[in-house]
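The values are calculated or read from the model by the stated rules, or taken from the named source; none is laboratory data. Keep in mind the model is a prediction, meaning the values are calculated, not measured. A quick note on method: Cβ atoms are made from the backbone with ideal geometry, for glycine too, and the neighbour counts reach across all protein chains shown.
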């Protein structure tokens with residue numbers, strides 16, 4: 001009986017040892033899996049950082065190329081480069097706001113120039129690398145924009161004859177302003193003067209009052225030469 005109990009004791013002990021070994025194996029396996037998972041995460045993070053650095057490098061190269069084009073006076077080409085950079089990024093670098101605003105001034109896009117130069121000043125204040133230049137270019141752009149507004153207001157206040165129907169008098173006819181009544185127009189080429197039928201008055205030398213008013217408004221359909 002004692003021998004039987006002893007055997008049972010040793011069997012229970014062996015099972016306990018086996019369970020402990022199995023638990024240890026599971027712990028080691030889990031730890032190894034966790035370590036591999038962490039290593040994979042670190043590797044993915046490193047790859048993402050490398051991709052981001054490469055994207056930043058390409059954006060910087062494009063921006064530097066656009067700035068160089070501005071310095072060379074190739075403003076349209078620079079504008080295209082700046083726009084390509086803006087389309088390829090999520091966050092706009094502060095330096096880009098300055099350079100794009102400056103280039104816009106040379107293109108006569110004064111409202112756009114004011115907008116972007118203001119952004120740079122808002123971001124950097126008076127302590128930025130280009131702050132002094134940005135303030136100077138902004139003043140120029142605002143001045144030109146003001147001139148444009150004045151021209152627009154002046155044009156809006158103008159009263160033009162084309163806005164009204166002109167009374168041609170009792171005859172209802174007007175001498176054709178293109179051929180001055182001759183019914184022909186003279187054009188010069190390498191061989192001398194070339195005489196052609198007037199395309200405006202249909203070789204009549206005059207226009208009816210309706211035709212004349214359409215001509216003033218740019219709505220008269222003429223015959224092609």
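Side notes on the structure shown:
- Filter result (over 17 Å from residue 109 (Cα atoms) and either surrounded by 11 or more Cβ atoms within 10 Å (Cβ to Cβ) or not assigned by TED's automatic domain parsing to the domain that holds residue 106 (or both)) within region 72-84: 84
- Residue count for region 73-100 satisfying the condition of being under 24 Å from residue 122 (Cβ atoms) and assigned to a loop (DSSP other than H, G, I, E, B): 5.
Residues are listed down the side, and each one gets a yes or a no for (1) surrounded by 17 or more Cβ atoms within 10 Å (Cβ to Cβ); (2) under 15 Å from the mean Cα position of the chain (by Cα):
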| residue | (1), (2) |
| --- | --- |
| 64 | no, no |
| 116 | yes, yes |
| 130 | yes, no |
| 146 | no, no |
| 151 | no, no |
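Condition check ((1) outside the structural domain of residue 214 (by TED's automatic domain parsing); (2) in contact with a helix residue (DSSP H, G or I) (Cβ under 8 Å, 6 or more places away or on another chain); (3) modelled with pLDDT of 85 or more) across all residues:
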| position | (1), (2), (3) |
| --- | --- |
| 110 | yes, yes, yes |
| 116 | yes, yes, yes |
| 164 | no, no, no |
| 174 | no, yes, yes |
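- Scope region 162-216; condition touching a strand residue (DSSP E or B) at 6+ places or on another chain (Cβ under 9 Å), in a helix (DSSP H, G or I) and without any contact (Cβ under 8 Å) to a residue 40 or more places away in the chain; matching residues: 211, 214, 215
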